[in-house]
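Engineer: Would you mind keeping the following structure in view while I ask a few things?
The values are calculated or read from the model by the stated rules, or taken from the named source; none is laboratory data. Not measured: the values here are computed from a predicted model. Virtual Cβ from ideal backbone geometry, glycine too; neighbours counted across all protein chains shown. Surface areas here come from the heavy atoms of the whole protein model, side chains and all, with no ligands, DNA or RNA. Shrake-Rupley method; radii C 1.70, N 1.55, O 1.52, S 1.80 Å.
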Amino acid sequence: MLAEKLLLNLLITIAPVLFCSALLDHKNKLNNPYLVGILHSIAALACMTFSYANYGFYWDLRYVPVIVAFLYAGRAAGGTVLLTIIIARILMGGDTVLFGIVNSLFTALIPFLMIKKFWNCPPNKRVILTILAGGWSLVVCYLSLRVSRYFEGDLFKLDFNIPDLLLVGLIETISIALAAKLYEGMIERNKMKEEIQRAEKLNTLGELAASIAHEVRNPLTVVKGFLQLMQQQEAGKNYEYLTLVLSELARAESIINDYLNFAKPKFEKIEEFLLTEVLSEVMMLLAPLAAKQGVQLESQLDYAEFILFTDRNQLKQALVNLIKNAIEATPEGGKVTIHNKSDQTSASILISDTGKGMTPEQLSRIGTLFYTTKDKGTGLGTSVSLRIIETMRGKVSYQSEPGLGTIVTMVLPSGRKEELVNI
């Protein structure tokens, strides 16, 4: 009977998650904690309705919805479920009402306190933390049982089956693990949908930007040519003004070229070269900028002969943008380190800095067009760099913590020249 009741409770506890998943398929984002709280409250009430009464207690999985609601939907949702359970337990009555209320409060304490840390963890670790919170609820219930026996004067009386307690622990652990995995799957699916929508928007924007940039660049070239002719004939005060105008035109051209590169990086010259040669050139190019910023720029290069077949200038541009970002994010006295390692199939380039770092929310937006953590900038440089590496069939990943700096890892495949000529 106990196993049947608990298995029914298991199905009840995952029902709200499945319902939320169904809602998520029809809405872009399920962000109403009170709705989630009501769904889990109904599940908790159903568990209490189909509980197994023995040893003076009601045995069910009512605490699973509490834990899951607190961790995955926030304090408002968790508090709704907790309040529902306490009210229902008071209405049920019995000699152990007080123990039931205390159990509920102590069970909710751990997930209530760990919410902030919970969302800073990766998905697999979040599942483990949810299971541990479920284990805490089992410990609370067992201690409550022993305390009740103490007040009855039978502290050492074993009037319950150990297999029954193990069965409760096993099924509750399975239930909470299933609920957590379902929620993580739902979160991952939502992220994938957002990523697909973002990719579609970026492709549309890229095509539009390329078209506009191409049309704007032509008249700018004409204007720049005539201004250069005027500057050659100007010897007065207007010479300085023309110099400034030409400088701003050059900056405008640079931004337009970034748009064109973002839309579709153009690999004009595919050639064979050593990766370390490009890294050394980029280090020499950025050394003055690092010195000006008061940042120590170091390299720990592996001079193994890793050969690339791609556009050397495009790779250099991507490296310059990423390393320049690291230098600008590092305060005076800090350090930026570049090192690489390679095998027969790929090479990794690591750019680490001791800068201000980024939050998980900022990390998730890296590469988004017009997003930047700098006071000045368009965010185009990073977007262009990522598109270049992506076109080279490479990958770029970020690791960062606020106050501890950032590590950018770039992985480039060796490739073959004939594979890349038509990119």
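Engineer: Kirkwood hydrodynamic radius for segment 278-320: how many Å is it when counted over pairs of different Cα atoms? Please report the intermediate quantities before stating the final value.
Structural biologist: Values: mean 1/r = 0.0855 Å⁻¹.
Evaluated on segment 278-320, it is 11.7 Å.
Engineer: For LEU285 and ARG189, what does the FRET efficiency come to when R0 = 41 Å and r is the distance between their Cβ atoms, rounded to the nearest 0.05?
Structural biologist: Working: r = 43 Å, r/R0 = 1.05.
With a Förster radius of 41 Å, E is 0.40.
Engineer: A further question follows. Can you compute the modelled spin-label distance between GLN197 and GLU401, with each label point 7 Å from Cα toward Cβ, in nm?
Structural biologist: The answer from the label model is 3.3 nm.
Engineer: Here is a follow-up. For LYS125 and GLU332 in the same chain, what is the full-extension length gain: residue separation times 0.36 nm, less their Cα-Cα distance, in nm?
Structural biologist: Numbers: separation 207, 0.36 × 207 = 74.52 nm, distance 3.57 nm.
Here the answer is 70.9 nm.
Engineer: Still on this structure, please answer the following. So how much accessible area does PHE151 have, in Å² to the nearest 10, using a 1.4 Å probe?
Structural biologist: My reading of the accessible area for PHE151 is about 150 Å².
Engineer: Continuing with this model, one more query. Ranked by accessible surface with a 1.4 Å probe, highest first, in what order do ARG146, ARG75 come?
Structural biologist: Working: ARG146 40, ARG75 115 Å².
The most accessible residue leads, giving ARG75, ARG146.
Engineer: Once a ≥ b ≥ c are taken as the square roots of the eigenvalues of the Cα gyration tensor of segment 312-356, is the result rounded (a/c under 1.5), prolate (a/b larger than b/c) or oblate (a/b not larger than b/c)?
Structural biologist: Details: a/c = 3.91, a/b = 1.65, b/c = 2.38.
Oblate, because a/c is 1.5 or more while a/b does not exceed b/c.
Engineer: On to the next question. At LEU98 and ASN54, where each label point lies 7 Å from the Cα along Cα→Cβ, what is the point-to-point distance in nanometres?
Structural biologist: 2.7 nm
Engineer: Between ASN238 and ARG251, how many nm apart are label points set 7 Å from Cα along the C-beta direction?
Structural biologist: Each label point is offset 7 Å from its Cα along the Cβ direction, giving 2.3 nm.
Engineer: Could you work out what % of the accessible surface of segment 57-158 is carbon and sulfur, using a 1.4 angstrom probe and leaving DNA, RNA and ligands out of the count? Mind dumping the intermediate values first?
Structural biologist: On the way: 3640 of 5070 Å².
With neighbouring chains kept in place, the figure for segment 57-158 is 72 percent.
Engineer: Suppose R0 equals 25 Å; then what is the FRET efficiency for SER299 and ARG365 from their Cβ-Cβ distance, rounded to the nearest 0.05? Could you put the intermediate results ahead of the total?
Structural biologist: Values: r = 29 Å, r/R0 = 1.16.
It comes out at approximately 0.30.
Engineer: Starting from 0.36 nm per residue, how many nanometres of slack lie between LYS341 and LYS117 once their C-alpha separation is accounted for?
Structural biologist: On the way: separation 224, 0.36 × 224 = 80.64 nm, distance 3.37 nm.
Going from the current span to full extension adds 77.3 nm.
Engineer: For segment 286-371, which trypsin sites (Lys or Arg not before Pro) pass both filters: DSSP loop (anything but H, G, I, E, B) and at most 16 other C-beta atoms within 10 Å? If you can, show how the numbers build up before the last one.
Structural biologist: Details: sites: LYS292, ARG312, LYS316, LYS324, LYS335, LYS341, LYS356, ARG365; in loops: LYS356, ARG365.
Taking segment 286-371 and a limit of 16 other Cβ atoms within 10 Å, the loop trypsin sites (Lys or Arg not before Pro) found are LYS356, ARG365.
Engineer: Related question: On full extension of the chain, what length is gained from LEU91 through ALA177, given 0.36 nm per residue of separation minus the C-alpha to C-alpha distance? If you can, show how the numbers build up before the last one.
Structural biologist: Working: separation 86, 0.36 × 86 = 30.96 nm, distance 3.00 nm.
Between LEU91 and ALA177, full extension yields 28.0 nm more.
Engineer: Check each of the GluC sites (Glu not before Pro) in segment 289-348 and keep only those in coil by DSSP with at most 11 other C-beta atoms within 10 angstrom; list them in order. Before the final figure, lay out each step's value.
Structural biologist: Values: sites: GLU298, GLU305, GLU328, GLU332; in loops: GLU305, GLU332.
When the GluC sites (Glu not before Pro) of segment 289-348 are filtered for loop state and at most 11 Cβ neighbours within 10 Å, GLU305, GLU332 remain.
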